1. Given (1) part of a helix (DSSP H, G or I); (2) surrounded by 24 or more Cβ atoms within 10 Å (Cβ to Cβ); (3) within 23 Å of the chain's Cα centre (by Cα), identify the lone condition not met by A:Val139.
2. If you take the residues in region A:1-29 that are open to solvent by 70 Å² or more (accessible area, probe 1.4 Å) and over 22 Å from the mean Cα position of the chain (by Cα), which one is modelled with the highest pLDDT?
3. Test A:Met348 against the criterion of being under 30 Å from A:Leu161 (Cβ atoms), surrounded by 19 or more Cβ atoms within 10 Å (Cβ to Cβ) and in contact (Cβ under 8 Å) with a residue 12 or more places away in the chain, and give yes or no.
4. Are any residues in region A:502-533 closer than 27 Å to A:Ala420 by Cβ and within 11 Å of chain B (Cβ to nearest Cβ), and if so, which ones?
5. Please specify each residue of region A:406-444 satisfying the condition of being β-branched (Val, Ile, Thr) and out of contact with any strand residue (DSSP E or B) (no Cβ under 8 Å at 6 or more places or on another chain).
6. Quick check on region A:46-63: of everything there that is part of a helix (DSSP H, G or I) and under 26 Å from B:Phe18 (Cα atoms), which residue is most open to solvent (accessible area, probe 1.4 Å)?
7. Name, by its number, the condition in (1) more than 10 Å from chain B (Cβ to nearest Cβ); (2) open to solvent by 40 Å² or more (accessible area, probe 1.4 Å) that does not hold for A:Phe109.
Amino acid sequence: MTAALLVVLILGVAAAVSWPLGRYLVWAMEPPEVSGWRARFEALLVSVIGARISASRSWKSYATAMLAFSAVAFAISFAVLSLQPSLPLNPDGKGAIAESLVFHTAASFVSNTNLQHYSGEVSLSYFSQLFGLMWLQFVSAATGLAALAAIARGLAGSRALGNFFVDVARATFLVLLPVAAVLAGLLVLGSTPMTLDGAVHATTLEGAEQVIARGPVAAFVAIKQLGTNGGGFFGPNSTHPLENPTFWTNCLSMLAIVLLPMACVWMFGRMVGRWRHAAVVFAVMFLFLVAKIGFAVWFESAPTKAFETLPIEQVANLEGKELRFGSTTGPLWAVLTTSTSNGSVGAMHDSLNPLAGLAALVGMWLNATFGGVGVGMINMLLYIVIAVFVAGMLVGRTPEYLNRRLGAREVTLAVLAMVAHAAFILGGTAVFAVTPWGLDTLNNTGAHGFAEILYELSSASANNGSGFEGLGDNTVAWNVATGLIMLLARFLPIILPLAIVGSLAEKQPTAQTAGTFGTEDATFGLILVATIVIVGALTFAPAAALGPIVEHLQFLP
Amino acid sequence: MTYLLYLSLGFAAFATLFVLTAALDRAGRTSQIGEDR
C-alpha cells in the first residue's frame, strides 16, 4: 500500500506539474510576441551571438551548429580535466586523471550521458566538477531541448528551424538555470551540502580519523536530475547520504528526474499545434512507464536468492537498497532513471533481481518513455514515423504525419537511427562478451556477467549513464569504446530526425481527408504501443534471453 | 602526447558526424530533385 502511494505520489505530481511546465517551455523556446524584459533578453542574445549567426537556419545548418558547439564544449571539458592539478579550487589536492578517463568523462558529459568510470570525491577537484562537468550538464540538456524545438518548428511547417545558439541560450537561461536554482534551494533545505570548503576531518567515537568529502553538492544534484544527466557528485551517486540525505530530497529527486521529459511532450504538442496528438503520445509513454514500474516493484518484492539459505526472515529483495526510504524506492528509482536517460542511481542496480534489472534495461533500449530532455520525444518521433507508415500501408490509408506525406526517405532515416542504437548495444556486447576487453573486467560469470556487459553498453548508447556495476569499467578498452558510442549515439538520433523534418518541410502540405491516418485517437495510441513492443522485442529479446531471463530461470526450482 | 591522441579521437567522432550531416543533406537534395521531376 505504501509502495503504491509512493508511485502514485511521484508520477501524479510529476504529470500534473508537467502540463503548466510544458506551457512555460513553449513560452521560453518559442515566444509568440515579446515585450519588456523578454524583448531585452532576446535583443541581448542577438547582440552577443551576432545578428548574422543568430538567424534562423535550415536543418543542416542547425545540425552543424550543434556539432560545432558540442565539439568545442568537448575540447574545453577535456582541457579542464587534463590540467586539473594546475587549476584552482582544489583544496584536497586531487592529482592528474588518466588520459583515457579524461576522454571518456568529457565525452560522457558533453553527450548528456554522465556515465562515470571514476568517483568524484576521489578523483576530481571542485574546479573540475564545476567548470569541467557541471556547465556541460546545463548546455547538454539545453542541446536536447533546442533540438526538439527545432524539430517541432519543422513539423509545424517552417523550413527554417530556428537558430541553435539562440535556442540553447533560451533553454539554459530561461528554463534550466531558474528551475535548477529553485531545486538546489529546496535540496539545501533538505540538508544537502553546498560549500566550496574542503573535506571535513572528523574523529569517530572509536577515535579513528575519518575524512568526509563534501562540496557544492546541491547545485550539482539539481541539474543532474532536471537535465536527465545523472552524473553524481559522489561515486555512489544518490545512494550517498550527502547527495540524497532525506526522504524529502529523495522524493524531490525522483520528481525532478521525470519532470522535464514529461513537459517536453506538451511543449512539442503545443508547438506543432496538436495537443491532442501530444496527449496520446503522453498516454503511451505513461503506460510504458507504469508497466515497467509495476514489473520492477513486483519482482523486487521477492527475496534475493543470495539470502535464501540464510537463517533470516525472507522478505523483499533488500540487498543494495537505501532502506531509509523504504524498499520500493530502489526499483522505482531504477525504472525512472533508466526510462528518462537520467542515469542517477538510488540503489545498486547489480543487486536487483534479474527481471527487475530487465525492466531497467528495457527503459534504455526503448529510450523514449519518457526519454531524455528533448531527445526522449525525438526518439518517440522515430517510433511514430514507423507506426504511421506501417499502419497506413496495412489499412490502405495514406501515410501522413502532421499534414506531410511520409515517404521511403523518412522511414529509412528513422530505421537507420534505430538500427544504430541497436548496433551499438548488441554489436558492442558481442565484442566485449568474447574478448578480454570485457571478460577480464567482470566480477560475475554466466548470465549475470553477460547482463553487466549488456547493461554498460545499453547505458552508453542510450546516453543514460547509470551503471550496473560489478564491472571494472575504468580500462582503456571500456573508456574508448563507450566514449565513442556515447558521442555517436547522442548526435545520430538528433541529426537523423532533423534530416527527416528537413525532408518533410520540403514537401507540399496535404489536406486532412477521410483517407488520412489519424494520430489523435486511441487507435493510433494502440498502434504506437504495438509498434514499440514489436520493434523493441524483435531487436532486444535475444539479448534479454541470454542475460536477465536465463538468470531468472536458473533460480527457479 | 597521449592526451592529444585522445583529444583527436573525440574530434574524429565529431568529424564523422559532420560528414554524415553533409551526406544526408546532399542525399536529400538529390531525392528532392527526383521527386520534382
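1. (2)
2. So the residue we want is A:Trp27.
3. no
4. If the condition is that a residue be closer than 27 Å to A:Ala420 by Cβ and within 11 Å of chain B (Cβ to nearest Cβ), then A:Gly502, A:Ser503, A:Leu504, A:Ala505, A:Glu506, A:Lys507 are the ones that fit.
5. Correct list: A:Val411, A:Thr412, A:Val415, A:Val419, A:Ile425, A:Thr429, A:Val431, A:Val434, A:Thr435.
6. The extreme case among them is A:Val48.
7. Checking A:Phe109 against (1) more than 10 Å from chain B (Cβ to nearest Cβ); (2) open to solvent by 40 Å² or more (accessible area, probe 1.4 Å), the one that fails is (2).
Here is a yes/no grid of residues against (1) surrounded by 24 or more Cβ atoms within 10 Å (Cβ to Cβ); (2) under 17 Å from A:Leu124 (Cα atoms); (3) modelled with pLDDT of 95 or more:
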| site | (1), (2), (3) |
| --- | --- |
| A:Ala222 | yes, no, yes |
| A:Gln225 | yes, no, yes |
| A:Pro236 | no, yes, no |
| A:Phe247 | no, no, no |
| A:Ala256 | yes, no, yes |
| A:Leu260 | yes, no, yes |
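The values are calculated or read from the model by the stated rules, or taken from the named source; none is laboratory data. Only a predicted model underlies this, so the values are computations on that prediction, with no experimental measurement involved. Cβ atoms come from the backbone with ideal geometry, glycine included; neighbour counts cover every protein chain shown. Each accessible area value is taken on the protein alone, full model and side chains, heavy atoms only, with ligands, DNA and RNA left out. Shrake-Rupley method; radii C 1.70, N 1.55, O 1.52, S 1.80 Å.
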